[in-house]
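Right, one structure below, let's go through it.
The values are calculated or read from the model by the stated rules, or taken from the named source; none is laboratory data. Small disclaimer: the values here were computed from a predicted structure and weren't measured. Positions of Cβ are backbone-derived with ideal geometry, glycine not excepted, and every protein chain shown enters the neighbour counts. What goes into the accessible areas is simple: the full protein's heavy atoms, side chains included, and nothing from ligands, DNA or RNA. Shrake-Rupley method; radii C 1.70, N 1.55, O 1.52, S 1.80 Å.
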Amino acid sequence: INIELNKLSPKNYSEITHKILKNWITRYEDEKRDEILSSTLDNIFTKAVTQPIYCPYYVLFLKIFIEQGIEVENVIKMKCDKFKNILIEKKDSSESNRVETVTEENYDDFCKNLKHKNFKLGYSQFVGELYNNKLISVMVLLESLDIMISNINTKIDSSENLTEDLKSEFIEDNIICLCKIIETL
């Protein structure tokens with residue numbers, strides 16, 4: 001399944017999804033099928049957030065699961081809840097919010113922050129695509145939007161040095177995520 005998902009493109013989408021579903025439904029017994037489904041759904045979400053260009057196809061793939069009577073709604077809700085938790089600022093992140101010049105010493109942190117930012121960006125697009133395809137409710141979408149807007153407002157309202165705080169990665173991440181969801185919608 002993973003190999004087939006790695007081949008997914010706009011041109012071969014129908015062929016790949018048909019092949020995955022055919023193999024998945026006919027090849028595995030019920031107990032093994034549940035295990036494979038869980039793994040496949042995790043894989044789809046991971047691919048969607050790390051490869052945002054393919055988000056629409058991964059979401060359509062989830063819709064096909066639903067059309068086949070496969071229960072994925074709980075997994076979608078769980079993943080959306082995880083996204084909301086990612087958006088909430090951690091107390092120890094204030095040090096990482098400083099704008100710094102990349103040096104050899106902090107290059108690993110820079111790469112980690114960039115990967116985290118791209119992950120949030122992919123998740124933002126994925127949430128937008130889920131909503132566009134009616135796989136999440138408007139309330140789930142609004143909760144994510146409210147968190148982002150609240151994050152920005154809270155940072156601005158509590159700022160002693162507004163200029164520095166507006167340059168923080170936390171503010172930037174929230175604005176980028178907000179823009180990506182709106183753009184996707």
note = Set Lys63/Lys155; Lys134/Lys155; Lys47/Lys180, cut-off 28 Å on Cα-Cα distance; pairs above it are Lys63/Lys155; Lys134/Lys155
key: Local net charge near Glu4, Cβ-Cβ under 10 Å (Lys/Arg +1, Asp/Glu -1)   = +1
request  = Within the set of other residues whose C-beta is less than 13 Å from the C-beta of Thr50, count the net charge using Lys and Arg as +1 and Asp and Glu as -1.
outcome  = +3
inquiry  = If DNA, RNA and ligands are ignored and the probe is 1.4 Å, what is the ranking of His18, His116 by accessible area, most exposed first?
reply    = His18, His116
ask   = Ranked highest first by average number of other Cβ atoms within 10 Å, how do 137-146, 171-180 line up?
value = 171-180, 137-146
